[in-house]
Amino acid sequence: MSFLLDTDICSAHLKRPSGLSHRFVQHGGGLFISAVALAELYTWAYRRRNPAKLLSLIENDLLADLAILDFDRSCALRFAQLQSELLKQGSVVNAMDLMIAAIALVHDLTLVTHNTRHFEVIPGLRIVDWLSD
């Protein structure tokens, strides 16, 4: 099984690598990050007074273990289908979370997140929380 890591899982790993390192080893070669989550991590770094250390951790430690998936045309189409369906049901999901979910669905990946309630209304999305189990 392969996994798409949400921003919160990546930030938890960067803050305390020993907490999730066994998961990274266990699923090595099957871990992905979306360009959307990566943008959120870069924003987190640049909001710090001195971003260099965190940027180095992202670039040299985190990305060494993950493949990056872009938000492409197929993902844009899936995003639009999901958003349309959810809006008809009266559900609103943050656009960046919905982009991440679309990438997971297009690539048939299980989303790893601690923010499960952000994603639970998205049909067909497999979710797991590595911080709670």
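Take the residues in the range 76-93 that are closer than 19 Å to Asp6 by Cα and at pLDDT below 95; name whichever of them is nearest to the chain's Cα centre (by Cα).
Val93
May I ask you to say which residue of Asp108, Asp65, Asp133, Asp61 is closer than 27 Å to Val25 by Cα, at pLDDT 95 or above and of a type outside the set (Ser, Thr, Tyr)? If you could, list the steps in order and put the result at the bottom.
Details: Asp65 fails: at pLDDT 95 or above; Asp133 fails: at pLDDT 95 or above; Asp61 fails: at pLDDT 95 or above.
None of the other options fit; the residue is Asp108.
Can you tell me which of Val93, Val128 is over 17 Å from Ala12 (Cβ atoms) and of a type in the set (A, V, I, L, M)? Let's see the steps before the verdict.
On the way: Val128 fails: over 17 Å from Ala12 (Cβ atoms).
Residue meeting the stated conditions: Val93.
Is it the case, given these coordinates, that Val121 is more than 16 Å from the chain's Cα centre (by Cα) and farther than 22 Å from Ser11 by Cα?
yes
Is there any pair with a first residue in the range 120-133 that is free of Cβ contacts under 8 Å to residues at least 60 places away in the same chain and a second that is among the aromatic types (Phe, Trp, Tyr) and surrounded by 15 or more Cβ atoms within 10 Å (Cβ to Cβ) whose Cβ atoms are under 6 Å apart and which are 6 or more apart or on different chains, and what are they?
Short answer, once both residue conditions are applied: Leu125/Phe119; Ile127/Phe119.
When only residues in the range 1-17 that are among the hydrophobic types (A, V, I, L, M, F, W, C) and crowded, with 18+ Cβ neighbours inside 10 Å count, which is nearest to the chain's Cα centre (by Cα)? Write out each step before concluding.
Let us first name the residues in the range 1-17 that are among the hydrophobic types (A, V, I, L, M, F, W, C), namely 1, 3-5, 9-10, 12, 14.
Of the ones still in play, those that are also crowded, with 18+ Cβ neighbours inside 10 Å are 3-5, 9-10.
Values: Phe3: 9, Leu4: 5, Leu5: 4, Ile9: 7, Cys10: 8 Å.
Going through the qualifying residues, I end up with Leu5.
In the range 117-129, is there at least one residue being closer than 28 Å to Arg16 by Cα, acidic (Asp, Glu) and surrounded by 13 or more Cβ atoms within 10 Å (Cβ to Cβ)? Spell out the reasoning first.
Restricting attention to the range 117-129, the residues satisfying the condition of being closer than 28 Å to Arg16 by Cα are 117-120, 125-129.
Applying the additional criterion that residues be acidic (Asp, Glu) yields 120, 129.
Next, from what is left, pick out any that are surrounded by 13 or more Cβ atoms within 10 Å (Cβ to Cβ): 129.
Among the residues of the range 117-129, at least one is closer than 28 Å to Arg16 by Cα, acidic (Asp, Glu) and surrounded by 13 or more Cβ atoms within 10 Å (Cβ to Cβ), which makes the answer yes.
The values are calculated or read from the model by the stated rules, or taken from the named source; none is laboratory data. It should be emphasised that the depicted structure is a prediction, and the values quoted were computed from it without experimental measurement. FYI the Cβ positions are ideal-geometry reconstructions off the backbone, even for glycines, and counts take in every protein chain you see.
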